[in-house]
There are 4 protein chains.
Amino acid sequence: MPAHACDDPLQIGVRQFNSRLLTGTGKFKDLRETRLATEAAGAEIVTFAVRRMNLGQDATQPNLLDALPPTRYTLLPNTAGCYDAAEAIRTCRLARELLDGHTLIKLEVLGDARTLFPNVIETLAAAEQLVAEGFEVMVYTSDDPILARRLEDIGCVAIMPLAAPIGSGLGIQNRYTLLEIIENAKVPVIVDAGVGTASDAAIAMELGCAGVLMNTAIAGARDPLLMARAMRAAVQAGRDAYRAGRIPRKRCASASSPIDGMVG
Amino acid sequence: MPAHACDDPLQIGVRQFNSRLLTGTGKFKDLRETRLATEAAGAEIVTFAVRRMNLGQDATQPNLLDALPPTRYTLLPNTAGCYDAAEAIRTCRLARELLDGHTLIKLEVLGDARTLFPNVIETLAAAEQLVAEGFEVMVYTSDDPILARRLEDIGCVAIMPLAAPIGSGLGIQNRYTLLEIIENAKVPVIVDAGVGTASDAAIAMELGCAGVLMNTAIAGARDPLLMARAMRAAVQAGRDAYRAGRIPRKRCASASSPIDGMVG
Amino acid sequence: MPAHACDDPLQIGVRQFNSRLLTGTGKFKDLRETRLATEAAGAEIVTFAVRRMNLGQDATQPNLLDALPPTRYTLLPNTAGCYDAAEAIRTCRLARELLDGHTLIKLEVLGDARTLFPNVIETLAAAEQLVAEGFEVMVYTSDDPILARRLEDIGCVAIMPLAAPIGSGLGIQNRYTLLEIIENAKVPVIVDAGVGTASDAAIAMELGCAGVLMNTAIAGARDPLLMARAMRAAVQAGRDAYRAGRIPRKRCASASSPIDGMVG
Amino acid sequence: MPAHACDDPLQIGVRQFNSRLLTGTGKFKDLRETRLATEAAGAEIVTFAVRRMNLGQDATQPNLLDALPPTRYTLLPNTAGCYDAAEAIRTCRLARELLDGHTLIKLEVLGDARTLFPNVIETLAAAEQLVAEGFEVMVYTSDDPILARRLEDIGCVAIMPLAAPIGSGLGIQNRYTLLEIIENAKVPVIVDAGVGTASDAAIAMELGCAGVLMNTAIAGARDPLLMARAMRAAVQAGRDAYRAGRIPRKRCASASSPIDGMVG
């Protein structure tokens, strides 16, 4: 639906995108499946772990850039696997070098190998340094509204709170904190992590998120390509519903006022 | 996505449909908006209240059949506003007469003008009679799995449990009863009533519903046409996600087993 | 807290009770545990399956009446295991005979051995007959507000909707239907079935239920006596909270109005 | 039930308590109501804002210490109203002075006057300093498991994550993060903020929290004393249920395994 895409673009820094579904490239069977799923998802921004993905350093292995050419996709190198600011910063510099000066990166500094929760202290430190070095930083963080604002103040170009732990598939756990972040941000808020199925993505968008990033939910589905298509439609559905203005929730059609929060 | 539609049709009685989103025709500004919203929703089956809608009986008023011609849409006359079996049966017979022998109808017998909950006793009685008279009965009912089975045994061609009260926009209130109905039905189970926004429709489909019917959620939205498009995408997203096989829900990616229901 | 109990009794028919926690007698290790759990729960009304429990018919087996003497407890014979009205009516007559004219009974007519959902059609038929025969009928039913009202109109002395399937431990699945039943009933509404843990019981009471009946949640806990005590406190807590008038739910303390149902 | 209290004490630092319900002293009508509610709640630890409460500095005003004598209650001075580490540290030192060397304090450093979310960066800084100065720090924080562990590593004697914004009454928003914190902590985890009614407190305890702290939910109820009693029972109920080992959640009693998280 190109007509729609044009009148409601996602703006990240100076770039504009038609798709609001960002996808990861890991966990697929092979790069062919990565490519097909990316196409089915209609993604324009694709993220990959700099420390795990071959961009040509190893000429004997498949190269991500062949599957997802930078001429067609906006590559988003990420710092998955980094546990402190220094590591994350080094990784971003490496990505810039490998990609000829590319500055758009996704910063994630993990606190824990088991839960993959972010370490927000190290994340803040890394974000400050990276912004100072001219990177455009999209930042994975917790759903803490105070930290989200601080990351925006530092100059991050997108705030990416988790909906639930990476790879958990639990869906949006705390709608109020996300809403708090969304309503107070001037940069895009993109849910990163925790989405399990299509309705989770739709809910994120209905809350007012600017986009959703996911990997496991697609790559780990029984049929990744069909799930990629589902997610594409879900993100569009949620965005449209958000813009269309849903009906209020009421006890019944004849109720005179929306439910008042006494139940639920 | 016509390729997809072909390989996963919705079968109701002898008919096949590509769309799994059924829409109501009431509550729109005028019949023009009804038509545009129906088109945006991609609906093939459209329901209308026999007792409220003009099918040409009154030649001075706009005629639904002009807006939604039976050559293009499968009309689904419904018995909205009927409070006992006798009334509902009479209404169906009237519809058959007005529509030249049309037999596909949506039976709803209400228990209460305030909540619009079904009166399941009268519904059962009416369903038995209508099936005996050769109607193909799609039946609005509660989410009671025992009654759903009985309605199927009577010969109804689709079971249509409410997700929440008509017009409430509360979304799916009881996933377990719906799942119970879906897993034990051989005819399509179509959520009828209660959907408020796109994710609600996606959730219904992810549970395994064969379709979703809605009216207020579209007609009552701030922008009905945009919401119609959202719902179309949401139903498709939910269906695809259901077929694609979602990832299990786990505490975190490294958890060895899905969550065991001790939380939530 | 006897002072409290006195000023807020549970009235069922002509009887008054201080405790709002009704307990089942089955699934315990032995009748001694049944007795101790009943005491720990502070229950005054105890229910038992007429078809399974020995009230002295078999003199070689332990007798429920020794463990829970009718002088101390109000016995509530139930029709568990009955799948049609005739069976349930016969069972109630048998109970009346065994208990010397006792008329207070819990009617349950099941629709299905797997889910233990009620068969509401047979339940209605049995309730009509039993009321006509002078029984005081407390009735297990679905959470259908229209049927609940009809059971009340027939003359049942308490409406006992399920919160979730018997023995499921899923907790309150549909707060809106329960609320609808509660707000429109003049007889006590007692949640029967589905409670899994203490907070479930508290939630039922906070919705305005007059009481909660449970068996598996106590008998199936790792420590049934401790869980019995937990449930006693939970029912009291929920009742007190209901009467005390909780604070509204708001986005934050400084919000000017309660949440409007747009989230959740 | 003193027998119970003895065998399951709450241990904070070197102190032991029988009650797991901690209460605030603000927002009541007057100090008399504060005292009566505290008694009804059975609280042993009572918190107050050092910057707002009169401990005798103003001899013309009612003195909190008269209503809640330190001989009977463990006073817990808190830093409500502080927005940076320096302010919070000064406030704790003032409390120590006013209370003759008292070292147990509740640290809260707010990030925002509207949401009252914590500023976790300033909280960490203050906690480090206060522990170094010999304070026993109970610390209000977000539900971030990584930060919770860091606060424990610093030497805080209790971790007090919010369940929802202070004064919101929204109840537990994210059970998984709380569970993550609880399962990995060696010091007590006490939910601080967000509880609205009795079942919320029970749920917190069922998750395994060591205690619950609340103020608005009691002081803001229509009948604060009755709500205080409700909360006392709810905390006890939740604790007992946690220790008693609840039944698993299953689709129905006959299901062979607990629900697998595919629904909900």
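The values are calculated or read from the model by the stated rules, or taken from the named source; none is laboratory data. All of these numbers come straight from a predicted model, not from anything done at the bench. Here the Cβ positions follow ideal geometry from the backbone for every residue, glycine too, while neighbour counts run over all protein chains shown. All accessible areas refer to the heavy atoms of the entire protein, side chains included, with ligands and DNA or RNA removed. Shrake-Rupley method; radii C 1.70, N 1.55, O 1.52, S 1.80 Å.
Whole-Hz Karplus ³J(HN,Hα) for segment C:212-225, in order, using 6.51 cos²θ - 1.76 cosθ + 1.60 and θ = phi - 60°, x for Gly and Pro?
9, 10, 8, 9, 4, 4, 8, 5, x, 5, 4, 10, x, 5
When DSSP assigns beta bridges and you keep just the ones with both residues in chain C, what percent turn out antiparallel, to the nearest 5?
15 percent
How far apart, in nm, are two points set 7 Å out from the Cα along the Cα-to-Cβ line at C:ARG222 and at D:ASP58?
My value for the distance between the label points is 5.1 nm.
Taking the inverse of the average 1/r across all pairs of different Cα atoms in segment A:115-180, what Kirkwood radius in Å do you get?
For segment A:115-180, inverting the mean 1/r across all distinct Cα pairs yields 12.3 Å.
Where only protein heavy atoms count, and the probe is 1.4 Å, what is the accessible area per residue for the protein assembly as shown in Å²?
35 Å²
At B:ASP223, label 7 Å along Cα→Cβ: distances to the other copies, nm, ascending?
Inter-copy label distances (nm, one decimal, shortest first): 3.2, 5.0, 5.8.
Ignoring ligands, DNA and RNA, what percent of the 1.4 Å accessible area of the protein assembly as shown is carbon and sulfur?
49 percent
Run the label-point distances for D:ALA132 please: 7 Å along Cα to Cβ, every other copy, nanometres, shortest first.
Nearest first, the other copies' label points are 2.3, 8.6, 8.9 nm away.
Once you compute Rg and the Kirkwood Rh from C-alpha atoms, what is the Rg to Rh ratio for the protein assembly as shown?
Here Rg/Rh amounts to 0.99.
Amide H neighbours of C:MET214 under 5 Å, at least 5 residues apart or on other chains, H built in the peptide plane: list them.
Close amide H contacts, sequence-distant or interchain: C:LEU22, C:THR23, C:GLY24.
So what's segment D:40-179 giving for Rg/Rh, alpha carbon basis, Kirkwood Rh from the mean inverse pair distance?
Taking Rh as the inverse mean 1/r over Cα pairs, Rg/Rh reads 0.97.
Give a residue-ordered list of calculated ³J(HN,Hα) values for segment C:67-72 (Karplus: 6.51 cos²θ - 1.76 cosθ + 1.60, θ = phi - 60°; whole Hz; x for Gly, Pro).
Using θ = phi - 60°, the values come out as 6, 10, x, x, 5, 9 Hz.
What does DSSP give for the protein assembly as shown in terms of the percent of beta bridges that are antiparallel, rounded to the nearest 5?
The answer is about 15 percent antiparallel.
Among B:SER199, B:SER19, B:SER254, whose mean-square fluctuation peaks in a Gaussian network model of chain B (Cα, cutoff 10 Å)?
B:SER254
Given q = 0.07, 0.11, 0.15 Å⁻¹, what are the Debye log10 I(q)/I(0) values for segment B:10-244, with equal point scatterers placed on the Cα positions and solvent ignored?
-0.19, -0.48, -0.96
Rg(Cα) of segment C:36-88 divided by 2.2 N^0.38 Å?
Relative to the 2.2 N^0.38 Å estimate, segment C:36-88 comes out at 1.25.
Amide H to amide H, which residues 5 or more places from C:VAL109 or on other chains are under 5 Å from it, using H placed in the peptide plane?
Amide H to amide H, under 5 Å and 5 or more residues apart or across chains, C:VAL109 pairs with C:ASN119.
Please list, or write none, the aspartates and glutamates whose alpha carbon is within less than 13 Å of the alpha carbon of D:LYS186, excluding same-chain residues fewer than 8 places away.
D:GLU152, D:ASP153
Identify all aspartates and glutamates with a Cα-Cα distance to D:LYS29 below 15 Å; exclude those on the same chain that are fewer than 8 residues away in sequence.
D:ASP223
Please list, in chain and number order, the residues 5+ apart from C:ARG249 or on another chain whose amide H is under 5 Å from its amide H, with Hs placed from the backbone.
Those lying under 5 Å, H to H, from C:ARG249 are C:ILE259.
If a/c stays under 1.5 just call it rounded; otherwise compare a/b with b/c (prolate if a/b is bigger, oblate if not). Do that for segment D:127-264, with a ≥ b ≥ c from the square roots of the Cα gyration tensor eigenvalues. Mind dumping the intermediate values first?
Values: a/c = 2.15, a/b = 1.30, b/c = 1.65.
Here segment D:127-264 falls in the oblate category.
Springs between alpha-carbon pairs under 10 angstrom, Gaussian network model over chain C: which of C:VAL235, C:VAL212, C:VAL187 fluctuates most?
Sorting by GNM fluctuation, first place goes to C:VAL187.
I'd like the interface area for chains D and C: accessible area of each alone minus the complex, both sides summed, 1.4 Å probe, protein heavy atoms only. What is it in Å² to the nearest 100? Kindly include the intermediate steps, with their values, before the conclusion.
Numbers: alone 12930 and 12870 Å², together 21970 Å².
Separately minus together, D and C give about 3800 Å² buried.
Rank B:LYS106, B:LYS186, B:LYS29 by mean-square fluctuation in a GNM of chain B with C-alpha springs under 10 angstrom and give only the top-ranked residue.
Top of the fluctuation ranking is B:LYS29.
Need one number: % antiparallel among DSSP beta bridges in segment C:90-189, to the nearest 5.
10 percent
Explain nothing, just compute: Karplus ³J(HN,Hα) = 6.51 cos²θ - 1.76 cosθ + 1.60, θ = phi - 60°, for every residue of segment B:185-196 in order, whole Hz, x for Gly and Pro.
Taking θ as phi minus 60°, the curve returns 9, 9, 9, x, 9, 10, 5, 10, 4, x, 5, x Hz for segment B:185-196.
Determine the alpha carbon to alpha carbon distance for each of C:LYS27/D:LYS250; A:LYS250/B:LYS106; C:LYS250/D:LYS27; B:LYS250/D:LYS250; A:LYS250/C:LYS250; A:LYS250/B:LYS27 and list only those over 19 Å. Mind dumping the intermediate values first?
Values: C:LYS27/D:LYS250 17 Å; A:LYS250/B:LYS106 25 Å; C:LYS250/D:LYS27 17 Å; B:LYS250/D:LYS250 17 Å; A:LYS250/C:LYS250 17 Å; A:LYS250/B:LYS27 17 Å.
Going by Cα-Cα distance, A:LYS250/B:LYS106 fall outside the 19 Å limit.
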